[in-house]
1. In terms of the Cα gyration tensor, with a ≥ b ≥ c the square roots of its eigenvalues, is segment 1-137 rounded because a/c is under 1.5, prolate because a/b exceeds b/c, or oblate?
2. Search the structure for amide H atoms under 5 Å from the amide H of Phe162, placed 1.01 Å from N in the peptide plane, and list their residues when 5 or more places away or on another chain.
3. Share of antiparallel DSSP beta bridges in segment 103-189, in percent to the nearest 5?
4. Using per-residue counts of other Cβ atoms within 10 Å, averaged over each peptide, order 171-182, 251-262 from highest down.
5. Relative contact order for the chain: what percent, with Cα pairs under 8 Å and sequence separation of 6 or more?
6. Return the distance in nm (one decimal) between the two label points of a simple spin-label model at Ser197 and Asp38, each offset 7 Å from Cα along Cα→Cβ.
7. Tell me the relative contact order for segment 125-233 as a rounded percent, counting alpha carbon contacts under 8 Å between residues six or more apart.
8. Could you work out how far the C-alpha centroid of segment 115-172 sits from that of segment 73-97, in angstrom?
Amino acid sequence: MNAFQPECESTELRARVDSFVRTEVIPAEAALDAGGTDRAVALRGLRDSARGAGLWALPLPAELGGGGLTFQQYAAYAESEGASDHGPAALGSAPLLDVLMLGRYGGARVREEYLGGLVSGELRSCYAMTEPDVPGSAPLLTRTRAEPRPDGGWSVTGRKWFTSGADGADLVTVMARTGGTAGDREGLTLFAVPTGSPGLRVVRELPVFGASGQYEIALDRVLVPADHVLGRGDDALAIAGERLALGRTLRCLRWLGQAQRAFELMCERAATRDGSHGPLAGNQLVQQHVFDALLALRTTRPLVHEAVALIAAGQDARTEVGLAKVAAARMLQQVADSAIQVYGAAGLGPDTALPSLFRGGRAARILDGPDELHITSVARRVLRDHGWAPGSPIRG
């Protein structure tokens, strides 16, 4: 039985998750970052501990073995969980997006073969949309093609990259063009492709500022059964949009947790480190770093939770998600940068998490759509609401 009961206060759950991440996940980060056998052993131990603590897979469907929490309930502690990049994997919430997508849009066979294993942690999945030489923010330009077969199945050929967790995954969801030409909104389909299929291979790892976890994959006439098409077969953009809105908001919550971690490291350093004129905390320039970082955290958090509330209510959250994504990405980079500045040379080395937190902040401004995409999309939407029509003449 899951030790967590729905009537428990969200603050209590957050405290339990926060304690687990701080005392068990963060101390194991070196082994988890190392990959290979070290990572597998460490992750297995953490997952066993999470199950024992009643913290396993809390936002995943209860009928599949998860905790059954709603997205809004999960958001109350996702920040604490995300303080470490490894928190979601250790606590079993990492496959949330895939479980929801496959559960809503997958056929009976896909749901039966994969959902239970994803929730239990026995199976792993990944999502492949971005392609080399194609802007990740322009899915209409997808080059991967899927050709129909006489048996009703499909033959998929193409390349995808920056596919998180592709190495060792059991299933990959692939966006491919089944009709039309580049730029057409119609003719895009999502396929659930078993990674053991002949013709599918991991081409190479793509380290991000030295960090592992991203991969390029190739599909060479990979045969996909007809019942592995997601949705109606022509609604890939709608499914992807739904997934991206939820995924971007989840990332924002986790970036808040990572920024809070960097902030606490900075404050501890300032209070305990002596400079030439006493503790760094007495330096007004250090105080400025602390103030600016706190301001960034406090002003970003409400934006993120506003997006959470709208998504949970099933309302249009495109503007709020865009605002939250840009604000959270900038905020993480700013707070981590200030923390490194206060730490000095020690903040550049391997003895703190600050280099990885800063790296995450910089990558955040590109992941899930670059800042520029969200800025333009939000501004155009707001201006259209005020009567502006794209292409209208400039008024002098």
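Please treat every number below as a calculation from the coordinates, not as lab data. Note that this is a predicted model, so its numbers are computed, not measured. Cβ sites come from the backbone with ideal geometry, for glycine too, and all protein chains shown count toward neighbours.
1. Values: a/c = 1.55, a/b = 1.16, b/c = 1.34.
Oblate shape, in that a/c is at least 1.5 and b/c is the bigger or equal ratio.
2. Amide H neighbours of Phe162, under 5 Å, 5+ apart: Tyr215, Glu216.
3. Working: 7 of 12 bridges.
Close to 60 percent.
4. Working: 171-182: 20.4, 251-262: 25.8.
Peptide ranking by packing, descending: 251-262, 171-182.
5. Numbers: 657 pairs, mean separation 49.6, N = 396.
Here the relative contact order equals 13 percent.
6. 3.6
7. Numbers: 260 pairs, mean separation 32.8, N = 109.
Here the relative contact order equals 30 percent.
8. Measuring centre to centre over Cα atoms gives 23 Å.
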